[in-house]
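Only one structure is covered here, and it is reproduced in the block below.
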Ligand code: MEV
């Protein structure tokens, strides 16, 4: 009897440490895995279906829904000729900008590839997960899928792909949700409209983010938390000018800095979603400040691989 565990696969969620949105426009960004993942289990069945579960329950993707379309797109890249049933569990908060859909796509690709008896091929799995992501996000840069597939911390740009960013140690960050996440697709479109309408200011914003990413990459490699915090603040200032922050994100960043954080910024698409901050030794002070406003955050360890 085949081992049912044989086709179980996982992939990790992520935060974007620096460079979100600019990465869509060809710049480099840094993303790090978080210690939460999605897992998927594929098996042959009478008809193709996708069943998902998370802390809130279990549901089957409706025929024709985005999830169902994404699963079919993934199966097409993997040349599945028989119907596949996939059961997936998400341990990553969804709609928080933490890469749950990319993690699910990568886990699904790995599991289905294993079921189909395909040789392990990271590039093919990334292609399949990218087809899945396009259904949700239109024109993703690919960074979410790249970090879900590789783990650790990566520098990613569209032209060159991903390369690991060696870190002196995993990083402890505070994370809080600043409200429901806006759709990545609509935030990416709004960011592109801004650049088209304000070319000169847009170029300055992209240059500021490029500098922050370069400084942050160097800081990660040397363990210079002050420099990393400054890079995060510079990046957040540019994202605010770009129109991607919100008053709640700004307030949570200001709370973090006031209580001793070295850096704070939105992570992911913005317009809501999550805020991260770097506050070595001051994490509890930041979490208390956020809690006093009714926002329950937590610490996360990122980039551990
Ligand atoms: C979303 O996690 C990151 C964005 O830069 C979109 C993308 O890169 O596809 C906002």
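The values are calculated or read from the model by the stated rules, or taken from the named source; none is laboratory data. Note that the coordinates shown come from a computational prediction; the quantities given were computed from them, not determined experimentally. No Cβ is skipped: glycine too gets one built from the backbone with ideal geometry, and neighbour counts run over all protein chains shown.
Restricting attention to the stretch 73-101 and to residues that are part of a helix (DSSP H, G or I) and either touching a strand residue (DSSP E or B) at 6+ places or on another chain (Cβ under 7 Å) or surrounded by fewer than 17 Cβ atoms within 10 Å (Cβ to Cβ) (or both), the residue that is modelled with the lowest pLDDT turns out to be 100. Please indicate, with yes or no, whether at least one residue in the stretch 278-293 is surrounded by fewer than 22 Cβ atoms within 10 Å (Cβ to Cβ), out of contact with any helix residue (DSSP H, G or I) (no Cβ under 8 Å at 6 or more places or on another chain) and assigned to a loop (DSSP other than H, G, I, E, B). Among the residues of the stretch 278-293, at least one is surrounded by fewer than 22 Cβ atoms within 10 Å (Cβ to Cβ), out of contact with any helix residue (DSSP H, G or I) (no Cβ under 8 Å at 6 or more places or on another chain) and assigned to a loop (DSSP other than H, G, I, E, B), which makes the answer yes.
Only one entry in 68, 54, 46 is surrounded by fewer than 18 Cβ atoms within 10 Å (Cβ to Cβ) and either without any contact (Cβ under 8 Å) to a residue 24 or more places away in the chain or within 16 Å of the ligand (Cβ to nearest atom) (or both), namely 68.
Can we say residue 134 is within 16 Å of the ligand (Cβ to nearest atom), in contact (Cβ under 8 Å) with a residue 40 or more places away in the chain and in contact with a helix residue (DSSP H, G or I) (Cβ under 8 Å, 6 or more places away or on another chain)? When the stated conditions are applied, residue 134 passes them. The listed residues are 297, 216, 272, 243, and the only one of them that is within 22 Å of residue 28 (Cβ to Cβ), in contact with a strand residue (DSSP E or B) (Cβ under 9 Å, 6 or more places away or on another chain) and crowded, with 16+ Cβ neighbours inside 10 Å turns out to be 216.
Take the stretch 30-43 and flag every residue that is more than 20 Å from residue 94 (Cα to Cα) and either without any contact (Cβ under 8 Å) to a residue 40 or more places away in the chain or within 19 Å of the chain's Cα centre (by Cα) (or both). Write out each step before concluding.
Within the stretch 30-43, the subset more than 20 Å from residue 94 (Cα to Cα) is 30, 42-43.
Result: 30, single match.
Among the residues of the stretch 9-22, write down those that are more than 18 Å from residue 229 (Cβ to Cβ) and crowded, with 24+ Cβ neighbours inside 10 Å. Those that are more than 18 Å from residue 229 (Cβ to Cβ) and crowded, with 24+ Cβ neighbours inside 10 Å: 11, 12, 13, 14, 21, 22. Kindly establish whether residue 243 is in contact (Cβ under 8 Å) with a residue 24 or more places away in the chain, touching a helix residue (DSSP H, G or I) at 6+ places or on another chain (Cβ under 8 Å), under 26 Å from residue 193 (Cα atoms) and assigned to a loop (DSSP other than H, G, I, E, B). Yes: the conditions hold for residue 243.
Figure legend. Inter-residue proximity from the stretch 170-192: first residues within 11 Å of the ligand (Cβ to nearest atom), second residues in a strand (DSSP E or B), beta-carbon distance below 9 Å, spacing 6+ or different chains. Indicated pairs: 181/274.
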